[in-house]
1. Tell me which residues, restricted to region 35-65, are under 26 Å from residue 106 (Cβ atoms) and touching a helix residue (DSSP H, G or I) at 6+ places or on another chain (Cβ under 7 Å).
2. When region 238-266 is examined, which residues are found to be more than 11 Å from ligand 1 (Cβ to nearest atom) and in a strand (DSSP E or B)?
3. Hey, residue 249 hits all of (1) at negative phi; (2) within 16 Å of ligand 2 (Cβ to nearest atom) but one; which does it fall short on?
4. Go through (1) closer than 29 Å to residue 273 by Cα; (2) outside the structural domain of residue 176 (by TED's automatic domain parsing) one by one and return the number of the condition residue 83 breaks.
5. Kindly indicate the residue of region 233-246 that is within 18 Å of residue 84 (Cβ to Cβ) and within 14 Å of ligand 2 (Cβ to nearest atom) and also surrounded by the fewest Cβ atoms within 10 Å (Cβ to Cβ) among those meeting that condition.
6. In region 1-18, what residues are surrounded by 15 or more Cβ atoms within 10 Å (Cβ to Cβ) and either away from ligand 1 (no atom under 15 Å from the Cβ) or among the polar types (S, T, N, Q) (or both)?
7. Somewhere in region 216-232, is a residue part of a strand (DSSP E or B) and either closer than 30 Å to residue 171 by Cα or more than 15 Å from ligand 2 (Cβ to nearest atom) (or both)?
8. Can you spot a residue in region 291-313 that is surrounded by fewer than 18 Cβ atoms within 10 Å (Cβ to Cβ), in contact (Cβ under 8 Å) with a residue 12 or more places away in the chain and within 16 Å of ligand 2 (Cβ to nearest atom)?
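The values are calculated or read from the model by the stated rules, or taken from the named source; none is laboratory data. Values in this document were obtained by computation on a predicted structure and should not be read as measured data. As a convention, Cβ positions derive from the backbone with ideal geometry for all residues, glycine included, and neighbour counts pool all protein chains shown.
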Amino acid sequence: LFDAVELAPADPILGLTEAYNADTNPNKVNLGVGVYLDEQGKLPLLECVHIAEQRLAEASKPKAYLPIDGMPAYRDAVRELVFGADSSALADKRVVTVESLGGTGALKVGADLLKQMNPSATVLLSDPSWENHRALFNRAGFRVDTYRYYDAEAKGIDFEGMLADLRLADAGTIVVLHACCHNPTGYDLVAEQWDQVIEVLRERNLVPFLDMAYQGFGFGLERDGAVVGRFVEAGLEFFLSTSFSKSLSLYGERIGSLSIVTADEDAAKRTLSQVKICIRTNYSNPATHGAAIVATVLADPELRATWERELGGMRERIKQLRTGLVQRLEARGITDMGFIAEQIGMFSYSGLTKAQMVELREKHGVYGTDTGRMCVAALNDGNLDTVADAIAAVR
Ligand code: PLP
Ligand code: TYF
(Lines give C-alpha, C1' and ligand atoms only; values in the text may rest on other atoms or scores of the structure.)
(Ligands and ions follow the chains in the order given, each with its own letter.)
Protein backbone atom coordinates (compact mmCIF):
# COMPACT_ATOMS: atom_id res chain seq x y z
CA LEU A 1 0.00 0.00 0.00
CA PHE A 2 2.71 2.52 0.92
CA ASP A 3 5.39 1.50 -1.60
CA ALA A 4 4.67 4.47 -3.81
CA VAL A 5 4.56 7.02 -0.98
CA GLU A 6 7.40 9.46 -1.45
CA LEU A 7 9.33 11.02 1.40
CA ALA A 8 8.33 14.69 1.50
CA PRO A 9 10.84 17.44 2.30
CA ALA A 10 10.64 18.96 5.80
CA ASP A 11 8.80 22.28 6.20
CA PRO A 12 11.48 24.91 5.40
CA ILE A 13 10.80 26.71 8.68
CA LEU A 14 9.71 24.04 11.14
CA GLY A 15 12.43 21.73 9.75
CA LEU A 16 15.02 24.28 10.96
CA THR A 17 13.90 23.78 14.55
CA GLU A 18 14.57 20.07 14.20
CA ALA A 19 18.08 20.81 12.92
CA TYR A 20 18.59 23.36 15.70
CA ASN A 21 17.50 20.89 18.39
CA ALA A 22 20.02 18.35 17.07
CA ASP A 23 22.89 20.91 17.03
CA THR A 24 25.42 20.46 19.87
CA ASN A 25 26.89 23.99 19.57
CA PRO A 26 26.46 25.54 23.08
CA ASN A 27 26.08 29.01 21.55
CA LYS A 28 23.37 28.05 19.06
CA VAL A 29 20.57 30.55 18.40
CA ASN A 30 17.26 29.70 16.75
CA LEU A 31 16.10 32.64 14.63
CA GLY A 32 14.22 30.29 12.32
CA VAL A 33 10.64 29.94 13.46
CA GLY A 34 8.47 32.98 14.14
CA VAL A 35 8.03 32.75 17.88
CA TYR A 36 8.49 35.56 20.42
CA LEU A 37 10.87 34.61 23.22
CA ASP A 38 11.51 36.65 26.37
CA GLU A 39 14.82 38.02 27.67
CA GLN A 40 15.62 34.57 29.13
CA GLY A 41 15.02 32.97 25.75
CA LYS A 42 11.81 31.37 27.03
CA LEU A 43 8.35 31.29 25.51
CA PRO A 44 6.32 33.62 27.75
CA LEU A 45 3.07 32.69 29.45
CA LEU A 46 1.34 36.05 29.57
CA GLU A 47 0.02 37.13 32.96
CA CYS A 48 -3.43 37.85 31.50
CA VAL A 49 -3.54 34.27 30.19
CA HIS A 50 -2.34 32.86 33.51
CA ILE A 51 -5.09 34.69 35.42
CA ALA A 52 -7.74 33.73 32.86
CA GLU A 53 -6.69 30.09 33.12
CA GLN A 54 -6.91 30.19 36.93
CA ARG A 55 -10.45 31.53 36.68
CA LEU A 56 -11.36 28.86 34.15
CA ALA A 57 -9.89 26.14 36.35
CA GLU A 58 -11.90 27.41 39.33
CA ALA A 59 -15.10 27.47 37.32
CA SER A 60 -14.27 23.89 36.27
CA LYS A 61 -16.85 23.51 33.53
CA PRO A 62 -17.75 20.24 31.77
CA LYS A 63 -16.33 19.82 28.27
CA ALA A 64 -19.30 20.16 25.97
CA TYR A 65 -19.06 20.36 22.18
CA LEU A 66 -18.93 23.93 20.96
CA PRO A 67 -21.20 25.09 18.14
CA ILE A 68 -19.71 24.42 14.68
CA ASP A 69 -18.75 28.09 14.30
CA GLY A 70 -17.22 28.27 17.77
CA MET A 71 -17.80 29.78 21.20
CA PRO A 72 -20.30 32.67 20.93
CA ALA A 73 -18.55 34.83 23.56
CA TYR A 74 -15.25 34.34 21.73
CA ARG A 75 -16.73 35.19 18.35
CA ASP A 76 -18.32 38.38 19.68
CA ALA A 77 -15.12 39.46 21.41
CA VAL A 78 -12.90 38.82 18.42
CA ARG A 79 -15.24 40.64 16.04
CA GLU A 80 -15.15 43.69 18.25
CA LEU A 81 -11.37 43.49 18.46
CA VAL A 82 -10.72 43.26 14.73
CA PHE A 83 -13.58 45.33 13.30
CA GLY A 84 -14.09 47.80 16.14
CA ALA A 85 -17.24 47.98 18.29
CA ASP A 86 -18.82 50.63 16.08
CA SER A 87 -18.13 48.95 12.75
CA SER A 88 -20.92 49.58 10.27
CA ALA A 89 -20.46 46.11 8.79
CA LEU A 90 -21.12 44.51 12.19
CA ALA A 91 -24.16 46.74 12.72
CA ASP A 92 -25.46 45.68 9.29
CA LYS A 93 -25.06 42.02 10.34
CA ARG A 94 -23.17 41.27 7.16
CA VAL A 95 -20.06 39.80 8.76
CA VAL A 96 -19.62 36.09 9.33
CA THR A 97 -17.11 35.22 12.07
CA VAL A 98 -16.12 31.71 13.04
CA GLU A 99 -13.60 30.42 15.55
CA SER A 100 -10.70 28.68 13.83
CA LEU A 101 -7.74 26.44 14.65
CA GLY A 102 -5.20 29.23 14.63
CA GLY A 103 -4.60 31.50 11.68
CA THR A 104 -3.76 28.48 9.56
CA GLY A 105 -7.16 26.92 10.24
CA ALA A 106 -8.86 30.16 9.22
CA LEU A 107 -6.91 30.28 5.97
CA LYS A 108 -7.78 26.65 5.20
CA VAL A 109 -11.51 26.98 5.92
CA GLY A 110 -11.57 30.19 3.87
CA ALA A 111 -9.68 28.50 1.05
CA ASP A 112 -12.10 25.56 1.04
CA LEU A 113 -15.09 27.88 0.84
CA LEU A 114 -13.48 29.93 -1.94
CA LYS A 115 -12.75 26.76 -3.88
CA GLN A 116 -16.40 25.86 -3.70
CA MET A 117 -17.48 29.39 -4.72
CA ASN A 118 -15.04 29.83 -7.59
CA PRO A 119 -13.07 26.66 -8.41
CA SER A 120 -11.17 28.15 -11.35
CA ALA A 121 -9.87 31.25 -9.55
CA THR A 122 -6.14 31.87 -9.21
CA VAL A 123 -4.62 32.84 -5.86
CA LEU A 124 -2.03 35.62 -5.82
CA LEU A 125 0.50 35.81 -2.98
CA SER A 126 3.06 38.48 -2.29
CA ASP A 127 6.53 37.60 -3.58
CA PRO A 128 7.74 36.44 -1.12
CA SER A 129 5.13 35.30 1.40
CA TRP A 130 4.77 32.93 4.34
CA GLU A 131 5.86 29.55 2.98
CA ASN A 132 2.66 27.84 4.08
CA HIS A 133 0.40 30.19 2.07
CA ARG A 134 1.40 28.60 -1.20
CA ALA A 135 1.21 25.03 0.10
CA LEU A 136 -2.15 25.62 1.74
CA PHE A 137 -3.86 27.22 -1.27
CA ASN A 138 -2.32 24.61 -3.56
CA ARG A 139 -3.67 21.84 -1.40
CA ALA A 140 -7.08 23.50 -1.46
CA GLY A 141 -6.90 23.04 -5.23
CA PHE A 142 -5.92 26.49 -6.46
CA ARG A 143 -3.36 27.63 -8.97
CA VAL A 144 -1.05 29.91 -6.99
CA ASP A 145 0.92 32.79 -8.46
CA THR A 146 2.56 35.91 -7.03
CA TYR A 147 2.42 39.69 -7.23
CA ARG A 148 5.59 41.72 -6.91
CA TYR A 149 6.24 42.89 -3.36
CA TYR A 150 9.80 42.88 -2.03
CA ASP A 151 12.36 45.14 -3.65
CA ALA A 152 15.75 43.70 -2.67
CA GLU A 153 17.70 46.65 -4.10
CA ALA A 154 15.67 49.33 -2.39
CA LYS A 155 15.12 47.30 0.81
CA GLY A 156 11.43 47.98 0.71
CA ILE A 157 8.31 47.36 -1.34
CA ASP A 158 8.12 47.43 -5.13
CA PHE A 159 4.82 49.22 -4.85
CA GLU A 160 4.46 50.16 -8.52
CA GLY A 161 5.19 46.55 -9.44
CA MET A 162 2.61 45.34 -6.95
CA LEU A 163 -0.09 47.64 -8.34
CA ALA A 164 0.80 46.72 -11.92
CA ASP A 165 0.51 43.00 -11.17
CA LEU A 166 -2.81 43.42 -9.38
CA ARG A 167 -4.13 45.48 -12.31
CA LEU A 168 -3.34 42.58 -14.64
CA ALA A 169 -5.24 40.02 -12.53
CA ASP A 170 -8.48 38.54 -13.83
CA ALA A 171 -11.72 39.37 -12.06
CA GLY A 172 -12.33 36.93 -9.22
CA THR A 173 -8.64 36.39 -8.51
CA ILE A 174 -8.02 35.83 -4.81
CA VAL A 175 -5.39 38.21 -3.46
CA VAL A 176 -3.75 37.29 -0.16
CA LEU A 177 -2.52 40.38 1.68
CA HIS A 178 -0.64 40.58 4.97
CA ALA A 179 -2.58 43.05 7.13
CA CYS A 180 0.52 44.00 9.14
CA CYS A 181 4.03 42.82 10.03
CA HIS A 182 4.64 41.20 6.65
CA ASN A 183 6.12 37.70 6.94
CA PRO A 184 8.92 37.29 5.87
CA THR A 185 10.10 40.77 4.80
CA GLY A 186 9.07 43.09 7.66
CA TYR A 187 7.89 45.73 5.14
CA ASP A 188 4.28 46.92 5.35
CA LEU A 189 2.21 49.15 3.11
CA VAL A 190 1.46 52.59 4.53
CA ALA A 191 -2.09 53.96 4.70
CA GLU A 192 -2.01 55.80 1.35
CA GLN A 193 -0.68 52.69 -0.35
CA TRP A 194 -3.47 50.59 1.16
CA ASP A 195 -5.96 53.04 -0.32
CA GLN A 196 -4.44 52.59 -3.77
CA VAL A 197 -4.46 48.80 -3.41
CA ILE A 198 -8.10 48.92 -2.28
CA GLU A 199 -8.92 50.98 -5.38
CA VAL A 200 -7.38 48.35 -7.68
CA LEU A 201 -9.04 45.48 -5.79
CA ARG A 202 -12.39 47.17 -6.30
CA GLU A 203 -11.86 48.22 -9.92
CA ARG A 204 -10.62 44.79 -10.95
CA ASN A 205 -13.22 42.87 -8.90
CA LEU A 206 -10.55 40.93 -7.03
CA VAL A 207 -11.26 38.90 -3.89
CA PRO A 208 -9.10 40.11 -0.98
CA PHE A 209 -8.00 37.67 1.70
CA LEU A 210 -6.40 39.66 4.52
CA ASP A 211 -4.17 37.59 6.78
CA MET A 212 -3.61 39.23 10.16
CA ALA A 213 -1.41 36.93 12.22
CA TYR A 214 0.50 39.68 14.07
CA GLN A 215 -2.02 42.28 15.21
CA GLY A 216 -0.36 44.45 17.83
CA PHE A 217 3.23 43.69 16.91
CA GLY A 218 3.64 46.63 14.54
CA PHE A 219 2.23 49.78 16.14
CA GLY A 220 -0.46 48.46 18.48
CA LEU A 221 -3.80 46.68 18.19
CA GLU A 222 -5.76 49.60 16.83
CA ARG A 223 -3.28 50.94 14.33
CA ASP A 224 -2.36 47.49 13.03
CA GLY A 225 -6.01 46.55 12.69
CA ALA A 226 -6.96 49.83 10.96
CA VAL A 227 -6.56 48.24 7.54
CA VAL A 228 -9.63 46.10 8.26
CA GLY A 229 -11.71 49.24 8.78
CA ARG A 230 -10.36 50.69 5.52
CA PHE A 231 -11.56 47.61 3.64
CA VAL A 232 -14.99 47.88 5.27
CA GLU A 233 -15.29 51.60 4.54
CA ALA A 234 -14.35 51.01 0.92
CA GLY A 235 -17.34 48.69 0.66
CA LEU A 236 -15.29 45.62 -0.25
CA GLU A 237 -16.38 42.06 0.35
CA PHE A 238 -13.40 40.19 1.77
CA PHE A 239 -11.98 37.37 3.86
CA LEU A 240 -9.98 37.98 7.05
CA SER A 241 -7.97 35.44 9.02
CA THR A 242 -6.62 36.33 12.46
CA SER A 243 -4.61 34.53 15.09
CA PHE A 244 -3.85 34.80 18.81
CA SER A 245 -0.82 32.53 18.50
CA LYS A 246 1.59 35.47 18.68
CA SER A 247 -0.40 38.30 20.25
CA LEU A 248 -1.42 36.25 23.31
CA SER A 249 1.46 33.77 23.07
CA LEU A 250 -1.11 30.99 22.64
CA TYR A 251 0.72 29.10 19.88
CA GLY A 252 -0.27 25.61 20.97
CA GLU A 253 -3.88 26.44 21.77
CA ARG A 254 -4.58 26.85 18.03
CA ILE A 255 -6.91 29.78 18.38
CA GLY A 256 -7.81 32.22 15.63
CA SER A 257 -10.76 33.41 13.59
CA LEU A 258 -12.08 33.64 10.08
CA SER A 259 -14.33 36.55 9.18
CA ILE A 260 -16.06 37.04 5.88
CA VAL A 261 -17.48 40.45 5.08
CA THR A 262 -20.41 40.06 2.72
CA ALA A 263 -22.78 42.54 1.04
CA ASP A 264 -25.79 42.11 3.33
CA GLU A 265 -27.37 40.09 6.10
CA ASP A 266 -28.88 37.56 3.73
CA ALA A 267 -25.55 36.87 2.01
CA ALA A 268 -23.93 36.50 5.44
CA LYS A 269 -26.53 33.95 6.48
CA ARG A 270 -26.07 31.87 3.35
CA THR A 271 -22.27 32.14 3.57
CA LEU A 272 -22.23 31.05 7.20
CA SER A 273 -24.27 27.97 6.34
CA GLN A 274 -21.62 26.96 3.79
CA VAL A 275 -18.67 27.76 6.08
CA LYS A 276 -20.25 25.49 8.66
CA ILE A 277 -20.20 22.64 6.17
CA CYS A 278 -16.49 23.24 5.49
CA ILE A 279 -15.84 23.06 9.24
CA ARG A 280 -18.15 20.15 9.95
CA THR A 281 -16.58 17.97 7.27
CA ASN A 282 -13.07 18.72 8.51
CA TYR A 283 -13.12 18.65 12.32
CA SER A 284 -16.78 19.09 13.26
CA ASN A 285 -16.30 21.91 15.75
CA PRO A 286 -13.39 23.78 17.36
CA ALA A 287 -11.71 23.44 20.76
CA THR A 288 -12.85 25.16 23.94
CA HIS A 289 -9.80 26.11 25.96
CA GLY A 290 -8.12 28.72 23.75
CA ALA A 291 -11.44 30.38 23.00
CA ALA A 292 -12.31 30.47 26.69
CA ILE A 293 -8.97 32.13 27.52
CA VAL A 294 -9.37 34.79 24.84
CA ALA A 295 -13.02 35.46 25.69
CA THR A 296 -12.10 35.84 29.37
CA VAL A 297 -9.22 38.23 28.68
CA LEU A 298 -11.15 40.38 26.22
CA ALA A 299 -14.32 40.62 28.32
CA ASP A 300 -12.60 41.74 31.52
CA PRO A 301 -11.37 45.35 31.35
CA GLU A 302 -8.56 44.67 33.80
CA LEU A 303 -7.28 41.58 32.00
CA ARG A 304 -7.60 43.33 28.69
CA ALA A 305 -5.49 46.22 30.01
CA THR A 306 -2.93 43.72 31.27
CA TRP A 307 -2.84 42.12 27.82
CA GLU A 308 -2.32 45.45 26.07
CA ARG A 309 0.51 46.25 28.46
CA GLU A 310 2.14 42.87 27.88
CA LEU A 311 1.67 43.03 24.12
CA GLY A 312 3.13 46.54 24.13
CA GLY A 313 6.08 45.18 26.09
CA MET A 314 6.75 42.52 23.46
CA ARG A 315 6.42 45.06 20.66
CA GLU A 316 8.75 47.58 22.25
CA ARG A 317 11.29 44.95 23.19
CA ILE A 318 11.46 43.73 19.58
CA LYS A 319 12.18 47.30 18.49
CA GLN A 320 15.01 47.54 21.02
CA LEU A 321 16.43 44.24 19.81
CA ARG A 322 16.40 45.56 16.25
CA THR A 323 18.37 48.65 17.27
CA GLY A 324 20.60 46.53 19.46
CA LEU A 325 21.51 44.32 16.53
CA VAL A 326 22.10 47.27 14.19
CA GLN A 327 24.40 48.92 16.76
CA ARG A 328 26.38 45.74 17.29
CA LEU A 329 26.74 45.25 13.53
CA GLU A 330 27.93 48.83 13.17
CA ALA A 331 30.48 48.24 15.92
CA ARG A 332 31.78 45.39 13.75
CA GLY A 333 32.05 47.59 10.68
CA ILE A 334 28.77 46.61 9.03
CA THR A 335 27.09 49.89 8.30
CA ASP A 336 24.65 48.87 5.56
CA MET A 337 22.19 46.86 7.63
CA GLY A 338 20.44 49.76 9.37
CA PHE A 339 17.25 48.73 7.58
CA ILE A 340 16.78 46.03 10.24
CA ALA A 341 15.65 48.77 12.61
CA GLU A 342 13.10 50.06 10.08
CA GLN A 343 11.42 46.72 9.49
CA ILE A 344 8.19 45.90 11.32
CA GLY A 345 7.06 42.85 13.27
CA MET A 346 8.83 39.67 14.24
CA PHE A 347 10.95 39.21 11.17
CA SER A 348 13.86 40.76 9.40
CA TYR A 349 14.71 40.02 5.81
CA SER A 350 18.44 40.39 6.25
CA GLY A 351 19.47 40.43 2.60
CA LEU A 352 21.98 37.65 3.36
CA THR A 353 22.35 35.02 0.64
CA LYS A 354 21.52 31.36 0.92
CA ALA A 355 25.24 30.54 1.12
CA GLN A 356 25.66 33.02 3.98
CA MET A 357 22.63 31.63 5.80
CA VAL A 358 23.98 28.08 5.48
CA GLU A 359 27.36 29.25 6.80
CA LEU A 360 25.65 31.06 9.70
CA ARG A 361 23.97 27.81 10.60
CA GLU A 362 26.78 25.34 10.03
CA LYS A 363 29.74 27.35 11.33
CA HIS A 364 28.09 29.55 13.95
CA GLY A 365 24.91 27.76 15.06
CA VAL A 366 22.75 30.75 14.09
CA TYR A 367 19.59 29.45 12.45
CA GLY A 368 17.54 31.53 9.99
CA THR A 369 15.79 30.52 6.78
CA ASP A 370 17.72 30.10 3.51
CA THR A 371 15.87 33.15 2.18
CA GLY A 372 17.70 35.32 4.72
CA ARG A 373 14.78 35.69 7.12
CA MET A 374 15.61 35.99 10.82
CA CYS A 375 13.18 36.10 13.69
CA VAL A 376 14.37 39.15 15.62
CA ALA A 377 11.81 38.32 18.34
CA ALA A 378 14.08 35.46 19.43
CA LEU A 379 17.07 37.74 20.13
CA ASN A 380 18.07 38.75 23.66
CA ASP A 381 20.95 40.47 25.42
CA GLY A 382 22.59 37.08 25.86
CA ASN A 383 22.70 36.17 22.16
CA LEU A 384 22.92 39.54 20.35
CA ASP A 385 26.74 39.53 20.34
CA THR A 386 26.87 35.93 19.12
CA VAL A 387 24.53 36.77 16.26
CA ALA A 388 26.35 39.99 15.36
CA ASP A 389 29.71 38.18 15.42
CA ALA A 390 28.33 35.44 13.20
CA ILE A 391 26.84 37.86 10.67
CA ALA A 392 30.12 39.80 10.59
CA ALA A 393 32.00 36.54 9.99
CA VAL A 394 29.90 35.44 7.02
CA ARG A 395 29.80 38.85 5.32
N1 PLP B 1 -0.24 33.74 8.56
C2 PLP B 1 1.01 34.20 8.68
C3 PLP B 1 1.44 35.31 7.80
C4 PLP B 1 1.87 33.65 9.62
O5 PLP B 1 3.11 34.12 9.71
C6 PLP B 1 1.43 32.62 10.46
C7 PLP B 1 2.38 32.08 11.43
O8 PLP B 1 2.24 31.24 12.20
C9 PLP B 1 0.12 32.16 10.29
C10 PLP B 1 -0.68 32.74 9.33
C11 PLP B 1 -0.45 31.01 11.08
O12 PLP B 1 -0.78 31.33 12.35
P13 PLP B 1 -1.14 30.18 13.40
O14 PLP B 1 0.12 29.74 14.01
O15 PLP B 1 -2.08 30.84 14.33
O16 PLP B 1 -1.80 29.07 12.62
O1 TYF C 1 6.66 31.90 9.69
C2 TYF C 1 6.80 31.45 10.82
O3 TYF C 1 7.89 31.18 11.27
C4 TYF C 1 5.58 31.29 11.71
C5 TYF C 1 5.44 29.90 12.31
O6 TYF C 1 4.47 25.69 8.69
C7 TYF C 1 5.18 28.80 11.34
O8 TYF C 1 4.49 31.68 11.00
C9 TYF C 1 6.10 28.43 10.38
C10 TYF C 1 5.88 27.39 9.51
C11 TYF C 1 4.72 26.69 9.57
C12 TYF C 1 3.77 27.03 10.54
C13 TYF C 1 4.02 28.07 11.41
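1. So in region 35-65, the residues under 26 Å from residue 106 (Cβ atoms) come out as 35-37, 43-46, 48-50, 52-53, 56, 61, 63-65.
Correct list: 35, 36, 37, 46, 48, 49, 52, 53, 56.
2. Residues of region 238-266 more than 11 Å from ligand 1 (Cβ to nearest atom): 238-240, 249, 258-266.
Scanning region 238-266 gives 238, 239, 240, 258, 259, 260, 261.
3. For residue 249, the exception is condition (1).
4. Residue 83 satisfies every listed condition except (2).
5. 241
6. 17
7. Of region 216-232, the ones part of a strand (DSSP E or B) are none.
Within region 216-232 (the criterion being part of a strand (DSSP E or B) and either closer than 30 Å to residue 171 by Cα or more than 15 Å from ligand 2 (Cβ to nearest atom) (or both)), the answer is no, since none of the residues qualifies.
8. no
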